[in-house]
Amino acid sequence: MNFQILRIEKLKTFSDVAGATNHIRRFNDTPNADPAKAKANMHAGATNAVAKIKEIWESKKLKPRKDAVVALEYFVSASPDFFKDKSGKEIMKWAKDTHDWIKERHGVGVVNYSLHMDETTPHMHFICTPIHDKGKKKGWGLSAKHFADGKGGLAKMQDSYHEHIVGAGHELDRGLKGSKSKHQSVKKFYAEIEKRQEESAKVSAELKASVVDLVGEESPSLFEWKRAAKLFEKLKQTCLDLSERLGIALELNVTLSAKNKQLEKELDDTKDATYGFINDLRSAYPSEVSNQQMVENMVGLAQHDGQRIKDMLEASKKAAEEQREKDMLLQHEQEKKLERSNMEQYGTTNPTERDLKIEAIRKEREFNHGSRSNDSDNEGPSMSPGM
């Protein structure tokens, strides 16, 4: 389920308004924002929110009390899954529909607003001064309670936004009515984010300290890991190259298939052992082995496995050469046998003389066959006596 997120916070002083504007417009550094995505943010309305609020008050002839709430800050978003796989156009439609609800609610009291795309989840900020029309006779008033307080005021606000945003075609749930979950202000919301970031930084520092205790502060662990990664990547490529060469060697003779299968299995075992060693290294540093020793072990393993594969290739090559010699010897014997047969039949081992004799024998046979046919024709048909 995808829930709407709507929070509101009272800005009681112009100083609060200025601070909120500085954050919303990114005039100050925002630790939880990604600077690379800042170009996707959108801002509209007054840059100087304080001056704009004073201008609105003056146009409505307002003279607020000293303790009056100067502005309201709205934070509007949704569950992260709601924005997942949504195009920029679809997010802009959600932003426009949300703005329409705020505009309908506050009218000329809207001071500025922003769409933030540089944080984990897209969201909007609105700063509105809480002016409202009390009627023709009473004129305009300034009251935060009119928008956010009173019996069920926040619940009605949630209902109003939900009805509007769903009516605009967005599939969002309102959340449980009457839930005991407490409303969290915008300020507390960001304070919670900063708290979690501080906790994350603390955990990172403790982890770094643990690594230093394990391998020594002077050991350039990052450099050693990078060097190890390069060595294993090179070993992996070497294994692939050797495997290809081994495949070519295996094709030299089918009689070596049994031996080749054994070599392939040994090669696979070597790869498995190598990758298992890599995983062991990635899991944790052995407490009894220093970084330098690890690198030396990795280099030694690469050299040992490379030599073993090289020896297997040499053995396969040697076996193929021996088989080739046997085949050549067998072919030579067959040629000798053919020569002896030619000598016995034709009296020569010279191919040309043999072919001439074969041709002469063939012609002689054809001539003899033709002569027999002519003799039979000259005798004529036999005739019965008396004819």
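Every number here is computed from the coordinates shown, using simple stated rules; none is lab data. The structure presented is a predicted model; accordingly, all values stated were derived computationally and were not measured. We place every Cβ from the backbone using ideal geometry, glycine too, and count neighbours over all the protein chains shown.
A compact table of results
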{"quantity": "Amide H within-cut-off set for ASN112, under 5 Å, with H built and near neighbours excluded", "calculated": "ALA46, ILE127"}
{"quantity": "Trypsin sites (Lys or Arg not before Pro) restricted to region 57-129 and DSSP loop, no more than 11 other C-beta within 10 Å", "calculated": "LYS61, ARG65, LYS66, LYS84"}
{"quantity": "Distant-in-sequence amide H partners of ALA71 (H built 1.01 Å from N, under 5 Å)", "calculated": "LEU11"}
{"quantity": "Given charges at Cβ of Lys, Arg, Asp, Glu: region 4-183 dipole, positive-most of HIS116, HIS132, LEU72", "calculated": "HIS132"}
{"quantity": "Dipole magnitude of region 4-183, debye to nearest 20 (Cβ charges: Lys/Arg +1, Asp/Glu -1, about Cα centre)", "calculated": "1000 debye"}
{"quantity": "Built amide H within the under 5 Å cut-off of ASN41, gap 5+", "calculated": "MET117"}
